[in-house]
Amino acid sequence: MARYTGPRTKISRRFGVSLFGPSKALERRNFPPGQHGVRAGRKKKSEYSVALGEKQKLRFQYGVLEKQFRGYYQEAARRRGVTGEIMLQLLETRLDNVCFRAGFGNSRQAARQLVNHGHVLVNGTKVDVASFQVKPGDHIKVGAKPSSQQLALRMLDLTQAVPTVDWLEVDRDKMECTVSRVPERSEIDPLVNEQLIVELYSR
């Protein structure tokens, strides 16, 4: 499955936010990468540049490549409702992100690997596709194999201080969760202005 495998700290430094989890390098060097990085922040950006940056930030935040991201936008535009909000809900209800929100991974990348390696069951069936869309009522559980249990237990130890979201019912002891409803816009809290992304694609 295609995914971004390039340098992550550079991407976070380019946008000035931690897109892949906490980064000490970003704290030490909070300016864009490259020899002109210190002066790069002084340039005024065009509206297109700002909107493109928002789109790229959201893509990297959820680990989605361009073709798949455009597909999420097109699906959101097809549905009735606020396009930007629906697009965020589609991204938030990906299986890898749900596992991340449940604490089965200390980052979206770790949760994605957990899914891709076949450690996760959805409604009792093994699902190894990170982009699988979960629905309200779906039951997600870590597999019974010792390797799956050990890996999830290690991740749960790392995320025990992280509060769970209200739209998931999580049982950390049983390593399972249930999607109670679709998350609202206020609960997603992305690092972007999604309306700029909608305007960018609708040009």
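Read-outs: derived from the displayed coordinates by stated rules, not from any lab. Note that the structure is predicted; figures quoted are calculated from it, not measured. In this analysis, Cβ positions are derived from the backbone assuming ideal geometry, glycine residues included, and neighbour counts consider all displayed protein chains.
Paramagnetic label reach from Thr178 (point 7 Å along Cα→Cβ; backbone nitrogen cut-off under 11 Å): within the stretch 112-144, residues 137-140.
Oblate is the label for the stretch 39-136, because the ratio a/c of its alpha-carbon gyration tensor axes (a ≥ b ≥ c) is 1.5 or higher and a/b is not greater than b/c. Electrostatic tally near Ile86: other residues with Cβ closer than 13 Å to its Cβ, Lys and Arg +1, Asp and Glu -1, net -1. Remark: the Cα gyration tensor places the stretch 82-195 in the prolate category, a/c being 1.5 or greater and a/b exceeding b/c. Amide H contacts of Gly103 (H built 1.01 Å from N, in plane; Pro and chain starts excluded): no residue 5 or more places away or on another chain comes under 5 Å.
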